[in-house]
Amino acid sequence: MLAKLNAIRLDVLLAAVLTWLTLATTVSHTGGHIGWVAYVLAALTVAPIALRQVAPVATMTVMMGALAAYSLLEFDGLPSSGVGALVGMFTVATLRSRLVAALVFLAAASVVVVAYLRLPGTIAWSEVVQSIVVVIGAWVLGEGTKRWAERAERLAEDAARAVADERVRIARELHDIVAHHMSVISLQAGLAQYVLDTDLPTARKAITTVGDTSREALTEMRRLLDVLRVDQDDDYRPQPGLAALDDLVERARSAGLPVDVVVTGDVRELQPGPDLCAYRVAQESLTNVLKHAGPAKARIDVDYGEQTLVLKVTDDGVVEKGAASTHPSHGIRGMRERAELYGGVLTAGLLPEGGFGVVLRLPMAEVAAR
């Protein structure tokens, strides 16, 4: 709003200067021997510029009407030398549709031709054509300015969407990191407390796992947040992928969850985004097993197909009746959004033989080897 008010103030100043110059030029050319009507019409060929951004078509109509009346009344000269027509045409092309700009141009060109034809003496057609071309130039310049503004607006919208998407991604990353590691820490801390007086080696191992897991969680969170600090020159470790699946499985096993891993197909390196997606799905699925399945075993199947990467995480835990709809629903929604981001599909639900299963399918076109 403030910028628009400032622009209007500048237009008022421009209109005042052009009006003064137009009246001074008119007096100089006519010797001051014409009536007040001529001066009013001359002023109206530029004065409406003050309102050009508020009502561009009306402004152009008033200025062209004043110019046509000035010429038809056979007053000498051409007020403002057509400056009002140029500014008005530029404004209409910038702020209104192409159809409206075309209609205004036709009207302005007609008025300019009439104004030149009414001038005393012989007028070369080249002058008339040159004036029309100048008006066309103002139209083209206004159209180009409008396109540039629209493109800048689209780029700003794209940048805003990218920022929002990045915030969602970071929030999801933080959720995955915190949920997984805190689940492991909670289970290990409970185990240590339970066997502290009866099985000291087991308690000591559990406490060690708590320390290692918490440090790893802090490291991952720090690495994720450091990505936002573009002014740092530190080398960042890459985000985890399926290459780190063994470490993930070992943490789950140390938390008391037996996990089997079966890998089939031609194993190859994946692109960072889909690789991280597959890792996070496995991490979230194991976390959900730890939190919701009770005493259970888990199995991870990774199949590197020719066209599709399939990651399947299943468990044989017991899900309470009625809990299937709420069972890690937020986590599943996040995993499904990750999959869709890379053109994949994620399904999750109860297994016919009991337990729960999560299946991720990613097209290999999106996860081709680098």
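Of the DSSP H helices in the chain, those that are both long (alpha-carbon extent of 15 Å or more along the helix axis) and hydrophobic (Kyte-Doolittle mean at least -1.0) are 2-30, 56-72, 83-95, 98-117, 125-195, 200-226, 272-292. Each of the peptides 40-51, 279-290, 186-197 was scored by the mean count of other Cβ atoms within 10 Å over its residues; in descending order, highest first, they stand as 279-290, 40-51, 186-197. Helical runs assigned H by DSSP (4 residues or longer) give the chain a calculated mean residue ellipticity at 222 nm of -22000 deg cm²/dmol, each run adding -39500 (n - 2.57) before division by the residue total. Pairs of lysine residues in the chain that meet both criteria, 8 or more places apart or on different chains and Cα atoms under 29 Å apart, total 8.
Between residue 145 and residue 167, the FRET efficiency estimated from the beta carbon spacing at R0 = 30 angstrom works out to 0.35. For Rg/Rh (Cα atoms, Kirkwood Rh), the value computed from the atomic coordinates appears in the list (i) 0.97; (ii) 1.37; (iii) 0.93 under label (ii). FRET efficiency for the pair residue 244 and residue 207, taken as 1/(1 + (r/R0)^6) with r the Cβ-Cβ distance and R0 = 22 Å, rounds to 0.40. Residue 175 to residue 219: FRET efficiency via 1/(1 + (r/R0)^6), r the Cβ-Cβ distance, R0 25 Å, to the nearest 0.05? Here the calculated transfer efficiency is 0.90.
Just so you know, all these numbers are worked out from the coordinates, no wet-lab data involved. In this text, all values refer to a predicted model and were calculated from it rather than measured experimentally. Please note: Cβ atoms are built from the backbone with ideal geometry, for glycine as well, and neighbour counts cover all protein chains shown.
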